[in-house]
Amino acid sequence: MNIRQVLENTAQKYSNKPAIVFKNTIISFKELQENVLKLAGALRSQGIGKSDKVAIYLPNCPQYVYSYLACFTLGAIGVPLDYMLKKDELISCLSHCEAKVLIAQENNEVSLEFVAGGISSLATIIFWISLTSYANSAEKNLFSRLLRRLRVSLQTYEPTGDDPGRHGPTRSRSMY
């Protein structure tokens, strides 16, 4: 089954109908398709293709759906990771699956600096965070240190539109 074709056909047929309802946010099939294809493009730009492994470390949220479908669109293997994993468990899973990319959202229990330092196969972290909160947070220094030390690429994505509850990978900024 060609997931990209199914996504395109469904978006064309049910363009404005709800595809995802998350909390107070409704994401249409058209928005779902746009967000999935944008993330797939970002993954492709990081060298991800058929049979490459992409680890997904996210809570239940629309970005999880985008990530999984983006992997399927490229023929990559989405590796779902339990968002409740502790540092050592996460490192073990990432090492074992040999993911090239980690798609993650901040988690107070797990330091990405600690995790990424122990994974030789990991080349890119795609981190879902608002660029506004990133620019105004102490995490900025943490990520700068992490990136200098590990030479990994960090892609950040911010919410789309004026609605703060609506999410999507609309702007990508690579920070080295």
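Laid out as a table, the results:
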read-out	value
Selected residue (only one of Asn60, Asn16 is of a type outside the set (D, E, K, R), in contact with a strand residue (DSSP E or B) (Cβ under 7 Å, 6 or more places away or on another chain) and part of a loop (DSSP other than H, G, I, E, B))	Asn16
Test: Gly41 is in contact (Cβ under 8 Å) with a residue 40 or more places away in the chain and over 24 Å from Asn107 (Cβ atoms)	no
Only listed residue being part of a helix (DSSP H, G or I) and either over 13 Å from the mean Cα position of the chain (by Cα) or modelled with pLDDT of 90 or more (or both), chosen from Leu69, Leu39	Leu69
Extreme residue, nearest to the chain's Cα centre (by Cα), among residues of the stretch 72-124 that are crowded, with 18+ Cβ neighbours inside 10 Å and hydroxyl-bearing (Ser, Thr, Tyr)	Thr124
Lys50, sole failed condition from (1) assigned to a strand (DSSP E or B); (2) surrounded by fewer than 19 Cβ atoms within 10 Å (Cβ to Cβ); (3) not hydroxyl-bearing (Ser, Thr, Tyr)	(1)
Residue list for the stretch 1-23, restricted to those being among the charged types (D, E, K, R) and in contact (Cβ under 8 Å) with a residue 24 or more places away in the chain	Arg4, Glu8, Lys23
Residue within the stretch 19-35 that is among the charged types (D, E, K, R) and closer than 16 Å to Gln105 by Cβ present	yes
Enumeration of residues in the stretch 86-103 that are part of a helix (DSSP H, G or I) and charged (D, E, K, R)	Lys87, Asp88, Glu89
Qualifying residues in the stretch 104-120 (those that are farther than 24 Å from Lys38 by Cβ, in a helix (DSSP H, G or I) and not β-branched (Val, Ile, Thr)) - the one modelled with the highest pLDDT	Gly117
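The values are calculated or read from the model by the stated rules, or taken from the named source; none is laboratory data. It should be emphasised that the depicted structure is a prediction, and the values quoted were computed from it without experimental measurement. Neighbour counts run over all protein chains shown; Cβ positions are idealised from the backbone, glycine included.
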